[in-house]
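The values are calculated or read from the model by the stated rules, or taken from the named source; none is laboratory data. A quick note: this is a predicted structure, and the numbers were derived from the prediction, not measured. Don't worry about glycine lacking a Cβ; one is built from the backbone with ideal geometry, like all the others, and counts go over all protein chains shown. Accessible surface is based on the protein model in full, side chains and every heavy atom, while ligands, DNA and RNA are left aside. Shrake-Rupley method; radii C 1.70, N 1.55, O 1.52, S 1.80 Å.
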Amino acid sequence: MTATSFVGCGSLYAQQYDRPNIIVFIVDDMGWQDTSLPFWDKKTKYNEMYETPNMERLAKQGVMFTQAYACPVSSPTRCSLMTGMNMARHRVTNWTLQRDKTTDDKSDTVTLPEWNCNGIAQVGTVPRTTVAKSFVQLLKDSGYHTIHCGKAHWGAIDTPGENPCHFGFDVNITGTAAGGLATYLSELNYGHTRDGKPYALNSIPGLQPYWGTGTFVTEALTKEAVKALDKAKKYGQPFYLYMSHYAVHIPIDKDMRFFPKYVRKGLSDKDAAYASLVEGMDKSLGDIMDWLEKNDEAKNTIIVFLGDNGGLATSEEWRDGPLYTQNSPLKCGKGSMYEGGIRVPFIVKWNDVVKPDTRNNTSIMIEDLFPTILHMARIDDYKVPQTVDGKDIVPLLEGKNDATFKNRSIVWNFPNIWGNSGPGINLNCAIRRGDWKLIYNYQTRQKELYNIPQDIGENNDLADNNPSKVKELSTILGKTLRQMNAQRPVFSATSKPCAWPDE
């Protein structure tokens, strides 16, 4: 019995040229406001600060989703993308790095659950790992040539999940267990000593030809991706490219191709450095779009652009301005259950399917990409060991009003302590349903209720004034988390689990 089949295809490799190429272009720690392209109903000071002409170019050709969501930090998002599972279900709820070691900060009052700190894998050989088949494997098995370029961050060091090739990628450019990078600078050999030894766990491997050349890592990755695309074109297969930039993650090194321009515009050194990372990422997008056009692949290539969590807003070392405001009008940023931590930019270009230069306000979630990409690739019959929580958004891309999304519940679970502190960060869970959003803190049992369209900044907590809505959302959230076998903290003094939101 075959695990996959194609709509309209008589055999495995039949009519391959009719199947679209697919590019997922994901930007690390990119906030909803880290662009000149406004995802709100008006431009903000941040939209005026940054220059992203190629995001604007992509949006002119596709649809912008203004209420797209990811997880509060990187690994959960990337694991949900690869598996189609909600973060509560796959239990990779914080960021991963070293085998069998959690990355949480400590607490004097609660004991954190034994979450899956080893990440995901396609085999169950390592404890504290979620076993799942990736959509990339399904693409490869169906005849796609699959390319990974940049950051991976799906599995811990010395586990099967650390290597993208384990998930079905034919080509792996720099992908490892690391969730960040030691440096963007070739002058520092991307984190290696002169004799070639990595001096950090997040040194970037495999880019030796660029050492000492003055090539910013964003540009080096783009050049390598283009080389891989050149090879892919010769193979006669549809391709999948996962272009996963380390930008705009810390350290906020200066991309000198763009930094001086922003200083001349009057930005501080910190803001100018950050803006240079943003524009460097945008240039990469433009270079790949140019390659598609020059190689007559643009019409048959779907591009999905997104961020993996909210922008950093908790560090005076790397960002200027008052803390928690760098994603304004959204509150807080990376690590938070407020909109600033989980709402991300999201654009899809799909010729002859997506109406160009349009916007969609439907709430969608990162795990939705799993069934959506398989639909795009015409893989309509597949078997995977995991429960897929994501919803196929192709009807939305086609411009249809799909009732599936009208009263859909999107949930998050973060029974962890990320590290940085701030509003909405640590030991909480949340639900978005329709216009309403509820945030519940496991430790304090506090519940907050917001009407997001009316209060995008989550400044007006309506919990006390609307107990019936609090009860409704608490009930749905608690039931959903238990159905997903979600985890919660335990009070250290009593060894009693923290209450679910509906208890």
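Around Ala59, under 14 Å between beta carbons, what's the net of Lys plus Arg minus Asp minus Glu among the other residues?
+3
How big is the accessible area of Val354 in square angstrom, nearest 10, if you roll a 1.4 angstrom probe over the protein chains?
Here the residue's solvent-accessible area equals roughly 10 Å².
Take the residue pairs Lys45/Lys231; Lys197/Lys331; Lys231/Lys270; Lys106/Lys334 and return only those whose Cα atoms are more than 31 Å apart.
Where the Cα-Cα span goes over 31 Å, the pairs concerned are Lys45/Lys231; Lys197/Lys331; Lys231/Lys270.
Sorting check: for 373-383, 235-245, 38-48, which peptide has the highest mean count of neighbouring beta carbons within 10 Å, and how do the rest follow?
Per-residue mean Cβ counts within 10 Å order the peptides as 235-245, 373-383, 38-48.
Rank these residues by their accessible area, most exposed first, probe 1.4 Å: Asp34, Asp320, Asp253, Asp18.
Solvent-accessible surface, decreasing: Asp18, Asp320, Asp253, Asp34.
Calculate the FRET efficiency for Lys496 and Glu472 from the Cβ-Cβ distance with a Förster distance of 45 Å, rounded to the nearest 0.05.
0.95
Under the rule a/c < 1.5 gives rounded, and otherwise a/b versus b/c splits prolate from oblate, where does region 346-398 land using the Cα gyration tensor?
oblate
Obtain the nm distance between the two label points defined at Leu462 and Met256 by a simple spin-label model: each point lies 7 Å from its Cα along the Cα-to-C-beta direction.
5.3 nm
Take the Cα pairs of region 317-385, get the Kirkwood Rh, then feed it into Stokes-Einstein at 4 °C and 1.567 mPa s and tell me D in µm²/s.
Estimated diffusion coefficient is 85 µm²/s.
Would you please classify the overall shape of region 175-220 from the alpha carbon gyration tensor, given that a ≥ b ≥ c denote the square roots of the eigenvalues, rounded means a/c under 1.5, and beyond that prolate means a/b larger than b/c while oblate covers the rest?
The shape class here is oblate.
Let a ≥ b ≥ c be the square roots of the eigenvalues of the Cα gyration tensor of region 252-377; is it rounded (a/c under 1.5), or, if not, prolate (a/b larger than b/c) or oblate?
oblate
Determine the order of Thr176, Thr146 by accessible area, beginning with the largest, at a probe radius of 1.4 Å.
Thr176, Thr146
Would you work out what percent of the accessible area of the chain, with all protein chains in place, is carbon or sulfur (probe 1.4 Å)?
48 percent
For the chain, what is the convex hull volume of its Cα atoms per residue in Å³?
Spelled out: Cα convex hull of the chain, divided by residues, is 146 Å³.
Calculated FRET efficiency, Val353 and Gln454, Cβ-Cβ r, R0 45 Å, to nearest 0.05?
Once the sixth-power term is evaluated, E becomes 0.90.
Where the eigenvalues come from the Cα gyration tensor of region 38-179, what are the semi-axes √(5λ) of the equivalent ellipsoid, largest first, in whole Å?
Over the Cα atoms of region 38-179, the semi-axes work out to 30, 23, 13 Å.
Using a 7 Å offset from the Cα along the Cα-to-Cβ direction at both Thr387 and Glu48, what is the distance between the two label points in nm, to one decimal?
Going by the 7 Å Cα→Cβ label model, 4.9 nm.
What whole-number value in Å² describes the accessible area per residue of the chain for a 1.4 Å probe?
Value returned for the chain: 37 Å² of accessible area per residue.
Using a 1.4 angstrom probe and counting only protein chains, how large is the accessible area of Asp255 in Å², to 10?
0 Å²
Give me, ordered by chain and number, the residues 5 or more places off Phe346 or on other chains with an amide H under 5 Å from its own placed amide H.
Phe65
From the backbone phi of region 450-459, what are the Karplus-calculated ³J(HN,Hα) couplings (6.51 cos²θ - 1.76 cosθ + 1.60, θ = phi - 60°) in whole Hz, Gly and Pro given as x?
3J(HN,Hα) across region 450-459, in whole Hz: 9, 9, 5, x, 7, 8, 5, x, 6, 9.
Obtain the nm distance between the two label points defined at Glu317 and Thr362 by a simple spin-label model: each point lies 7 Å from its Cα along the Cα-to-C-beta direction.
Distance between label points: 4.2 nm.
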